[in-house]
Structures are given as structure tokens and as C-alpha cells.
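The values are calculated or read from the model by the stated rules, or taken from the named source; none is laboratory data. Because the structure is predicted, anything quoted here is derived from the model rather than measured. Reconstructed Cβ throughout: ideal geometry from the backbone, glycine too, with neighbour counts over all protein chains shown. Heads up: the accessible areas ignore ligands, DNA and RNA and are worked out on the full protein's heavy atoms, side chains in. Shrake-Rupley method; radii C 1.70, N 1.55, O 1.52, S 1.80 Å.
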Amino acid sequence: AEVASRANAMKTECEADLAEAIPALQAAVTALDTIKKPDIDLVKGMGNPPAAVKLVLEVICVMMGVKPDKVKDPDGGTKKIDDFFGPAKKMMNDVKSFIDSLKGYDKDNMDPKIIGLVRTKYIPMEDFTPEKAAKASSAAEGLCRWVQAMEIYDRVAKVVAPKKAALAVAEGELSEAMGILKVK
């Protein structure tokens, strides 16, 4: 009974953690489903996009491993700055394959450096919210929601994986204990 109780407690804990991750994943897919070709075309056609659009596209490029262009500082500085808008427009050329690449994103094997950067630099930003992105573009809102959902999934998955392993051990012990009990 003690072993069964331990196994059930672990199972309940895993399921509770997954209850946070699964809705986040569903929200990510739903957010991507709201993005339509005209929305992406509108973003691609922007000559000088709003800051919210630039920010969201920068994060998408970071997550997809797309390198920025080095451009002259528009504020008149002498050094070059990173610009993700040009590479983002290239990435979005084929809207269907762009959305499919986000839907097929390998969420279970995210590069720790990339998700770490997203988690520490972008997620805490006041301007990196779906609400602020929505004011600039509906496509930016959907992409922002996707990034946030991927971050939540990664955080929860890292917590759940060791618990799942412990659960498998506990269920093995339970099975063994039940076998001994049956013999007795």
C-alpha cells in the first residue's frame, strides 16, 4: 500500500505538471492557426515595422537559428547593429512552409542556449506580450503567443522528465510488490 501510495502521488504530480504544459502547446498551435497569409504578407511589406513586430520577429529568428544582418545604426552610430527584419522576411517568403516549420518545431529538443536566451532576455520584456504585439499586427500576436507557449512547455518538460523517470521506477516497484503480495 505504501509503494502504491508513493507511485500514485508521483503520477498525480506528473499529471499536474503536464496539465500546465499541454494547454500551452494547444495554445501555441491555435495561435499559429490564427495567422493567415495576408497577415504575413502585411508584415513582410512593412518598410519600417513597429517595434513590437521587430521584437517578435527577432525572437522567432533566434528560436529558428536565423542569423541577423549587420546594418548601419539608424540612430547615427558608427558601429553596425543586428537587424533581424531582413532575414525574417526571407524566412517568411513561403508562408505555408514558415507556419509548418513552427508547428513542427522540435519542442522536446530545444537548444538550451536558445531557450535560455529567450527565457532571460525576451520573456521578461515589458513589450514582449501578445497584447502589445496585437496592436502592431495580428501575425505578431500569434507568433508572440507561440514563443511564450514554447518557453512554458520547455520549462514544464524539464520538470516533468525526471518525475516521469521516477514514476517509471515507482511503478516497477509497485508491480514487484504486487507480485510478492500475490504470491503471499
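A few points about this structure:
- The single condition from (1) assigned to a helix (DSSP H, G or I); (2) open to solvent by 10 Å² or more (accessible area, probe 1.4 Å); (3) touching a helix residue (DSSP H, G or I) at 6+ places or on another chain (Cβ under 7 Å); (4) of a type outside the set (S, T, Y) that R155 fails is (3).
- Beta carbons closer than 9 Å, at least 6 apart along the sequence or on distinct chains, pair a first residue in region 162-173 that is in a helix (DSSP H, G or I) with a second that is among the polar types (S, T, N, Q) and open to solvent by 80 Å² or more (accessible area, probe 1.4 Å) for A170/N8.
- Residue within region 63-70 that is of a type in the set (D, E, K, R) and over 20 Å from the mean Cα position of the chain (by Cα) present: yes
- Among all positions in region 138-150, there is at least one residue which is closer than 20 Å to I22 by Cβ, out of contact with any Gly (no Cβ under 8 Å at 6 or more places or on another chain), open to solvent by 80 Å² or more (accessible area, probe 1.4 Å) and touching a residue at least 60 places away in the same chain (Cβ under 8 Å).
- Taken as a whole, the condition of being touching a helix residue (DSSP H, G or I) at 6+ places or on another chain (Cβ under 8 Å) and more than 20 Å from T30 (Cα to Cα) applies to M110.
- Taking region 1-96 as the region of interest, the helices (runs of 4 or more DSSP H) fully inside it that hold 3 or more residues being small (G, A, S) and open to solvent by 40 Å² or more (accessible area, probe 1.4 Å) are 2-33.
- Residue in region 105-117 that is open to solvent by less than 60 Å² (accessible area, probe 1.4 Å) and without any contact (Cβ under 8 Å) to a residue 24 or more places away in the chain present: yes
- A134 being buried (at least 21 other Cβ atoms within 10 Å of the Cβ), modelled with pLDDT of 75 or more and not aromatic (F, W, Y): no
- Candidates in region 113-152 are the residues that are of a type in the set (D, E) and assigned to a helix (DSSP H, G or I); of these, the one that is nearest to L25 (Cα to Cα) is E151.
- Any chance L18 is touching a residue at least 60 places away in the same chain (Cβ under 8 Å), within 19 Å of the chain's Cα centre (by Cα) and closer than 20 Å to A139 by Cβ: no
- Residue in region 105-118 that is among the hydroxyl-bearing types (S, T, Y) and within 17 Å of L32 (Cα to Cα) present: yes
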